[in-house]
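Q: Mind having a look at this structure? Questions to follow.
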Ligand code: SF4
Ligand code: SF4
């Protein structure tokens, strides 16, 4: 059988003028890059903040941490139905007929007692659909962004638990 020998294509010869061109482009691109760097090193425009001493305020319409002001929740399930990833878990029972009549702050009668309201924020994609459909507007996105967590389990928020209820004073205005 005949053996075929492949030859590597010869590299173009580096001429003196090409060498000077390469040096020129290397110096030019370094100078441009360092110019941008020094503009920010010695420039007046501040591009970073001294976090956590200084904190950015997110715009009021930010879709950050969800909060359910459970006293105003009527357990209608609309948020859970609207959620595209099914990360809202609700359980409620009918209020006894002889129980005192209670209402939300917007005057909607509360006919069910909320027993569980949990959102698994590890699954949540912050689409905002659940807040849009909430008839009493008790479910809202807040501007709170400092809730990093070490475990997935701790990202499941039980909105009836005292520690989560304590957020209210910190993150819900009014
Ligand atoms: S923001 Fe979207 S994904 Fe998150 S709980 Fe609400 S509906 Fe579900
Ligand atoms: S839509 Fe609002 S009122 Fe209805 S269950 Fe969800 S949080 Fe409660």
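Throughout, read-outs are computed from the coordinates displayed, never taken from laboratory work. These numbers come from a predicted model, not from an experiment. Neighbour counts run over all protein chains shown; Cβ positions are idealised from the backbone, glycine included.
Q: Would you tally the residues in segment 49-108 being within 11 Å of ligand 2 (Cβ to nearest atom), more than 17 Å from the chain's Cα centre (by Cα), part of a loop (DSSP other than H, G, I, E, B) and surrounded by 12 or more Cβ atoms within 10 Å (Cβ to Cβ)?
A: Of the residues in segment 49-108, 8 are within 11 Å of ligand 2 (Cβ to nearest atom), more than 17 Å from the chain's Cα centre (by Cα), part of a loop (DSSP other than H, G, I, E, B) and surrounded by 12 or more Cβ atoms within 10 Å (Cβ to Cβ).
Q: Looking at segment 114-130, can you tell me whether even one residue there is part of a helix (DSSP H, G or I), within 17 Å of residue 159 (Cβ to Cβ) and within 15 Å of ligand 2 (Cβ to nearest atom)?
A: Yes - at least one qualifying residue is present in segment 114-130.
Q: Would you call residue 145 out of contact with any strand residue (DSSP E or B) (no Cβ under 9 Å at 6 or more places or on another chain) and in contact (Cβ under 8 Å) with a residue 60 or more places away in the chain?
A: The answer is yes for residue 145.
Q: Name the pairs: first residue in segment 118-139 and free of Cβ contacts under 8 Å to residues at least 40 places away in the same chain and farther than 10 Å from residue 88 by Cβ, second residue assigned to a loop (DSSP other than H, G, I, E, B) and more than 10 Å from ligand 1 (Cβ to nearest atom), Cβ to Cβ under 6 Å, at least 6 apart or on different chains?
A: Between residues of segment 118-139 that are free of Cβ contacts under 8 Å to residues at least 40 places away in the same chain and farther than 10 Å from residue 88 by Cβ and residues that are assigned to a loop (DSSP other than H, G, I, E, B) and more than 10 Å from ligand 1 (Cβ to nearest atom), the close pairs are 122/152.
Q: Just checking, how many residues over segment 45-73 are under 23 Å from residue 163 (Cβ atoms) and out of contact with any strand residue (DSSP E or B) (no Cβ under 8 Å at 6 or more places or on another chain)?
A: 5
Q: I would also like to ask the following. Look at segment 69-81 and say how many of its residues are within 18 Å of residue 156 (Cβ to Cβ) and either more than 10 Å from ligand 1 (Cβ to nearest atom) or in contact with a helix residue (DSSP H, G or I) (Cβ under 6 Å, 6 or more places away or on another chain) (or both).
A: Residues in segment 69-81 being within 18 Å of residue 156 (Cβ to Cβ) and either more than 10 Å from ligand 1 (Cβ to nearest atom) or in contact with a helix residue (DSSP H, G or I) (Cβ under 6 Å, 6 or more places away or on another chain) (or both): 3 in total.
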